[in-house]
Amino acid sequence: MAASGDYLFSYQVKGENWGGITLRDHTAYFGSDDGHLYALNVEQPKLAWSYKTAGLVRSRPTIKQHQIFFSSDDGYLYALNRWQGKLLWRTSLNDADVQRILPANHAPWEFDYTKSSALVQGNKVFIGSGDGHLYALARTSGEVLWRFKTEGKIRATPAHHQGLVFISSWDGSVYALNKHTGALVWQYETQGALTSSPLIVDDVLVIGSRDTHLYGLDPQSGALLWKQAYPGGSWVESSATAAADGEHFYIGSSDSNLLNKFHARSGELTWQFETGGWSWGQPVVKNGTVYIGATGHDEPGWFETQRGFFAVDGQTGQQQWQYQPKMIDGFVHGGVYGAPAVGYGKVIVPDLDGYIHVFEE
């Protein structure tokens, strides 16, 4: 009988896996730096289909009924039939020419490694672009209904709450927009670029900034409710995930190498778990367990960081199991960034080593 955390199998693709996994009907959908979106049946296991684009696929796929949505560094948002992988439509997001400056040990310290994923609300699809706009598109046709311009790249994924769409930008601001018209309702400025995606937990909008602070804002007005400084002057790259109680949330860090649990209304810290590496990704919570990866580098003189992937008890912050990802070439020498998927008794992990690794839940 397999125990929690037992290794089951791996599936190899031809690129690093920076995007998160979406699981539906025993199928894991994920993109890769090899330019493909994959549909992997995790029971067989075997590939159901793959779809090739002309750029890195680092967005997490979004499913709505028969449609699956994802963006590529080739500058397009794609809508496919999720059962056959056939193209339904594609729309330009005008960011194919945006130059990514990937993590490195020299200036400029951009660390531009992530990608906006689609938010589907009713008959609209919302997605951010490297051209600085948030786009609203018709779900059935891909027609651009409206777009809202910020002063920086948008790599975060939008959120929706009570008729408003929220987005964060590399210009350092969080924006609340009318979801029907794209009209600005409020704007809140932080002092650093925002790669963290907004999340509403217990009527508090939670967002992290590269100004080394975590913010709790009022979603209706944008008023500051609380502000938490991260230890060690750490960027807050990770995006929050709500706990099952609806009152707490989990979020990672960068240089402080931590997974944190906070109370949403007060902003007070509940516990911290040391990941040993850059926990840039968004935690995933299932059945009381929090899953998060860490990426590492071996640059002397910096904060020491290690590759890792962890299953942590959501109540106590105690480790349940972990595995050690393999080393890869490059400044980021491996680990897990993309959000895993948990279901059907499996934990499905996108590793930078070019494999999807599957473990017993």
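The values are calculated or read from the model by the stated rules, or taken from the named source; none is laboratory data. Note that the structure is a prediction, hence the values are computed from the model and not measured. Neighbour counts are summed over all protein chains in view; Cβ atoms, including those assigned to glycine, are modelled from backbone coordinates with ideal geometry.
Here's the yes/no breakdown for (1) crowded, with 24+ Cβ neighbours inside 10 Å; (2) under 20 Å from residue 325 (Cβ atoms); (3) free of Cβ contacts under 8 Å to residues at least 60 places away in the same chain; (4) not aromatic (Phe, Trp, Tyr):
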residue: 263; (1), (2), (3), (4): no, no, yes, yes
residue: 270; (1), (2), (3), (4): no, no, yes, yes
residue: 287; (1), (2), (3), (4): no, no, no, yes
residue: 291; (1), (2), (3), (4): yes, yes, yes, no
residue: 299; (1), (2), (3), (4): no, yes, no, yes
residue: 302; (1), (2), (3), (4): no, yes, no, no
The residue from 308, 301, 345, 338 that alone is in contact with an Asp or Glu (Cβ under 6 Å, 6 or more places away or on another chain) and among the small types (Gly, Ala, Ser) is 345
Inset, instruction - Kindly establish whether residue 242 is over 19 Å from residue 267 (Cβ atoms) and in contact with a strand residue (DSSP E or B) (Cβ under 9 Å, 6 or more places away or on another chain). - result: no
Given (1) hydrophobic (A, V, I, L, M, F, W, C); (2) at pLDDT 95 or above; (3) exposed (fewer than 15 other Cβ atoms within 10 Å of the Cβ), residue 278 misses just (3)
Of (1) of a type outside the set (Asp, Glu); (2) over 24 Å from residue 36 (Cα atoms); (3) at pLDDT 95 or above; (4) surrounded by fewer than 18 Cβ atoms within 10 Å (Cβ to Cβ), residue 87 satisfies every one except (2)
Within segment 330-342, restricting to residues that are outside any loop (DSSP other than H, G, I, E, B) and on the phi < 0 side of the Ramachandran plot, the one that is nearest to the chain's Cα centre (by Cα) is 341
Quick count over segment 115-138, residues being crowded, with 20+ Cβ neighbours inside 10 Å and either touching an Asp or Glu at 6+ places or on another chain (Cβ under 8 Å) or over 21 Å from residue 208 (Cα atoms) (or both), is 8
Selection from segment 178-225 of residues more than 20 Å from the chain's Cα centre (by Cα) and either more than 29 Å from residue 245 (Cβ to Cβ) or among the aromatic types (Phe, Trp, Tyr) (or both) yields 178, 180, 181, 182, 183, 184, 186, 187, 188, 189, 191
Of the candidates 324, 306, 319, 282, the one satisfying the condition of being farther than 20 Å from residue 359 by Cα and of a type outside the set (Lys, Arg) is 306
Residues of segment 8-26 being assigned to a strand (DSSP E or B) and over 22 Å from residue 281 (Cα atoms), in sequence order, are 8, 9
Scanning segment 28-58 for residues that are polar (S, T, N, Q) and touching a residue at least 24 places away in the same chain (Cβ under 8 Å), the one nearest to residue 329 (Cα to Cα) turns out to be 32
Those residues of segment 132-147 that are over 18 Å from residue 192 (Cα atoms) and part of a loop (DSSP other than H, G, I, E, B) come to a total of 5
